[in-house]
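One structure is given here, and the rest of the page talks about it.
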Amino acid sequence: MRVIIEPSAEHGSQRAAAIVAQLIRKKPRAILGLATGGTPLKLYQELIRMHQSEGLDFSRITSFNLDEYVGLPPTHPQSYRHFMTENLFRHINIDIRNTHVPDGRALDYETYGSQYETMIDEAGGIDFQILGIGRDGHIAFNEPGSSLGSRTRLKTLAPETIRDNARFFGTAEDVPRLAITMGVGTILESKKCILLAFGKEKAEAIAATVEGPVTAQVTGSALQFHRDVVVILDEESASQLQRRSYYDEVEEAHRRLQSGEVK
Ligand code: PGA
């Protein structure tokens with residue numbers, strides 16, 4: 001895991017956007033795995049800016065979102081399809097037919113989950129997965145106790161997640177209890193992933209994910225098995241890490257390598 005600690009969420013989001021943009025320029029047909037929530041908003045704003053002022057081209061990009069609430073139609077203001085339309089898709093030149101968000105109104109979720117997995121496979125697999133993390137350490141909606149080999153399926157939201165997401169719905173009663181979500185196993189198959197976390201309320205989940213034992217009780221910790229993960233943090237979310245000085249040293253070594261100071 002490469003741990004990058006930036007001074008603020010703004011800096012962290014810009015760093016993440018630069019990595020995503022580099023991938024898109026290198027592979028214009030890249031398959032992106034996208035996340036919703038408060039965390040990736042600034043990253044999406046930066047990608048929109050890069051599209052509008054630097055011509056970053058999404059026309060051949062395909063995307064797969066991590067999850068969707070069960071029971072919400074795509075037009076519902078809190079559905080993740082609506083979130084993606086409003087916060088990214090309608091501001092860039094992605095072909096909307098190449099964007100995928102799980103269907104929160106599928107009737108047979110078991111079949112639908114395997115169809116979603118097949119669509120990802122047929123597209124060639126996810127090149128680059130963007131992730132946030134819940135306070136309970138979940139990635140996508142893989143709540144504590146989720147199998148670390150899980151695939152796209154239904155999950156019941158944990159009480160902590162319902163409380164956290166109540167801010168978007170007004171009251172906790174209005175938050176759907178079920179979601180359809182990529183599994184931990186699905187996420188582990190992405191070729192590269194970026195985990196973003198900002199703010200002190202994420203510090204404990206980040207310490208457990210990066211430095212704790214791998215456990216289904218903190219599904220983010222399964223990323224320790226991922227082949228290529230970059231964790232981008234701000235000072236607050238990094239505040240409970242024990243090996244901070246080492247991560248800073250690694251970043252300094254990267255900087256020196258890139259600038260040619262080290263042959
Ligand atoms: P947030 O959610 O970005 O709104 O904090 C993260 C998550 O629950 O995965």
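The values are calculated or read from the model by the stated rules, or taken from the named source; none is laboratory data. Small disclaimer: the values here were computed from a predicted structure and weren't measured. With ideal geometry, Cβ positions are generated from the backbone for all residues, glycine too; neighbour counts draw on all protein chains shown. Ligands, DNA and RNA are stripped out before the accessible areas are found, and what is left, the full protein with its side chains, is counted by its heavy atoms. Shrake-Rupley method; radii C 1.70, N 1.55, O 1.52, S 1.80 Å.
Identify, from the list GLU235, GLU204, the residue that is surrounded by fewer than 20 Cβ atoms within 10 Å (Cβ to Cβ), in contact with a strand residue (DSSP E or B) (Cβ under 7 Å, 6 or more places away or on another chain), touching a residue at least 60 places away in the same chain (Cβ under 8 Å) and within 18 Å of ARG135 (Cα to Cα). Checking each option against the conditions leaves just GLU235.
Residue count for region 102-129 under the criterion of being under 14 Å from the mean Cα position of the chain (by Cα) and either open to solvent by 30 Å² or more (accessible area, probe 1.4 Å) or within 14 Å of GLY183 (Cα to Cα) (or both): the result is 2. Among the residues of region 238-255, those that are open to solvent by 100 Å² or more (accessible area, probe 1.4 Å) and either of a type outside the set (Ser, Thr, Tyr) or in contact with a strand residue (DSSP E or B) (Cβ under 8 Å, 6 or more places away or on another chain) (or both) comprise GLN242, ARG243, GLU249, ARG255. Looking only at region 135-190, residues that are away from the ligand (no atom under 11 Å from the Cβ), within 15 Å of LEU66 (Cβ to Cβ) and either modelled with pLDDT under 95 or of a type in the set (Val, Ile, Thr) (or both) come to 5 in all. Kindly indicate which of LEU66, LEU72, LEU88, LEU43 is out of contact with any strand residue (DSSP E or B) (no Cβ under 8 Å at 6 or more places or on another chain) and either within 30 Å of GLY170 (Cβ to Cβ) or more than 16 Å from the ligand (Cβ to nearest atom) (or both). It is LEU72. Taken across region 106-114, residues that are over 26 Å from LEU157 (Cβ atoms) and modelled with pLDDT of 95 or more do not occur at all.
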